[in-house]
């Protein structure tokens, strides 16, 4: 990565051990990369940030690195770096050579076996928008980690036992009048539809709501799988049954025994508690109730233990907005079972906007808009791109009108249209004889596009390290903007053969980068629009 070359140079000319970060300036006139490291060093060296910046900039420029043409200090103490044109030309050659592998890295060890658990919605009804947001996040994060060299398993944890299944059974009974309805039961057209379709089963199992709930949950899980795989193009490597894979195989009891062996449990008020406060939780948590029943928390600890025993070194668990209070306790359990290298990501709520107003009700389900409805309305590509465009920890407004618009205002259309334009240029240009002289790519728009193409490896590496996959959609928009500007100002067809060949190489490099980026984002690379 070119950014790494810049980073090494700064570290070489700064005091040993100095933490250096680089950013891309919004104004291209300020260079390709910038650092504020001089501000941190000023406190140590007792000198002004600008004085330190000038010294480092001079040292970097004097090093005559092939990666950098110059470094410039800027008040009040920033250092801006300009990449050498030849370095960008060589990176274009690297793109052409690597093709589908351009952007792959070994940021994560191939020995890192990581499980990404996402969606994991209770099979008691359709997927919500929060489920879908977590679904796209988990799918792309898994792609990013695989691209970085890790071995990844995509897991859907099926909560197919316990109170929610019993409640589902009661909800079905209530819809046919066998038990009184109340506010604790599941609502929606899907409940009454299933009950009416399976009326004989409901009557037969009216005295066993849990069994009835299990049967319905099996059918709802099939609908969930269809919505994820057929509509949203999200696939899982494993559907883990809480009942069959965790309870039946004894992992709940194994987790409890492990905690007792480690001496991190105690008895109080007839219940068994786990000392989660010792691991940063705000209070200790119950593992077994006074009535002798294991809690959901203990079952989840058993799930983490099962994941650990299947050889995973890390786990990433993506949860919805109602799980904030759950993070500390599950992180504590993860550490105690041997999965300290785990992470919980929380997605925030989603508002649907149509015509400038919030959409609150579903036409088909009555009480909420389903994820499947949104995907069907706007298409999988737009749904995926829009859900991924905002950091998961931020609330988001999903503009249905914009998502369906086929214009450059729509960011996914804008990115895909850039790719279509690139393909059209290559088709129109045909073959141009001779090896391209990339030194002819010297206009500001040539250079801007070259730089954005070179950034793919760093963007993917950063996402693999901090899990912020929304940076990929942001990069897609930036790359598309650079290509559209290049397309509108520069030409391939009609230029002198040497320049045409160089520009054609640049367009072909753009196609490779777009295809690699789209593949990881999970959106299509259309042939026409």
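Only the coordinates and a few stated rules stand behind these numbers; no lab work does. Everything numeric in this text was worked out from a predicted model, so none of it was measured. Note: ideal-geometry Cβ built from the backbone for every residue, glycine included; neighbour counts use all protein chains shown.
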Worksheet item: What per residue convex hull volume, in Å³, comes out for region 217-364 when only alpha-carbon positions are used?
Response: 174
Worksheet item: If you take every DSSP beta bridge whose two residues both sit in region 293-420, what share of them, in percent to the nearest 5, is antiparallel?
Response: 25
Fill in: Translational diffusion of region 25-177, µm² s⁻¹ [Kirkwood Rh, Cα pairs; Stokes-Einstein; 4 °C; 1.567 mPa s]
62
Response to the item:
Taking N as the residue count of region 484-523, its alpha carbon Rg divided by 2.2 N^0.38 Å gives 1.39
Discussion item. From the mean inverse distance of alpha carbon pairs (Kirkwood) and the Cα radius of gyration, derive Rg over Rh for region 327-411.
Written reply: 1.13
Worksheet entry | Over region 106-173, relative contact order from alpha-carbon pairs under 8 Å, at least 6 apart, % | 47
Fill in: From the C-alpha gyration tensor of region 219-283, square roots of 5λ in Å
36, 15, 11
Worksheet item: So what is Rg over Rh here for region 258-331, counting just Cα atoms and using Kirkwood for Rh?
Response: 0.97
Worksheet item: Which value at 222 nm does the chain reach when only helices count, each DSSP H run of 4 or more adding -39,500 (n - 2.57), with the total divided by all residues and rounded to the nearest 500 deg cm²/dmol?
Response: -15500 deg cm²/dmol
Worksheet item: Nearest 10 degrees, 0 to 90: what angle lies between the long axis of helix 296-309 and the longest principal axis of the chain (Cα atoms)?
Response: 50
Worksheet item: Relative to the first principal axis of the alpha-carbon coordinates of the chain, what is the inclination of helix 209-226, with its axis defined by its Cα atoms, in degrees from 0 to 90 and to the nearest 10?
Response: 20
Worksheet item: If you build the Cα gyration tensor of the chain and take the root of 5 times each eigenvalue, what three semi-axes come out, in whole angstrom, biggest first?
Response: 50, 31, 19
Discussion item. Contact order normalised by length for the chain, with contacts defined as Cα pairs under 8 Å and 6 or more residues apart; what percent is it?
Written reply: 15
Worksheet item: Going by how many other beta carbons lie within 10 Å of each one, how would you line up 266, 413, fewest first?
Response: 266, 413
Worksheet, complete the sentence: Treating every alpha carbon of region 2-83 as one equal point scatterer without solvent, the Debye formula yields log10 I(q)/I(0) values at q = 0.21, 0.23, 0.25 Å⁻¹ of -0.88, -1.07, -1.27
Worksheet item: What list do you get for 182, 401, 139 if you sort them by fewest beta carbons within 10 Å?
Response: 182, 401, 139
Fill in: Using alpha-carbon coordinates, inclination of helix 163-175 to the longest axis of the chain, degrees
70
Worksheet entry | Kirkwood Rh, angstrom, region 408-521 [1 / mean 1/r, Cα pairs] | 14.5
Fill in: 109, 65 arranged by Cβ crowding within 10 Å, fewest neighbours leading
109, 65
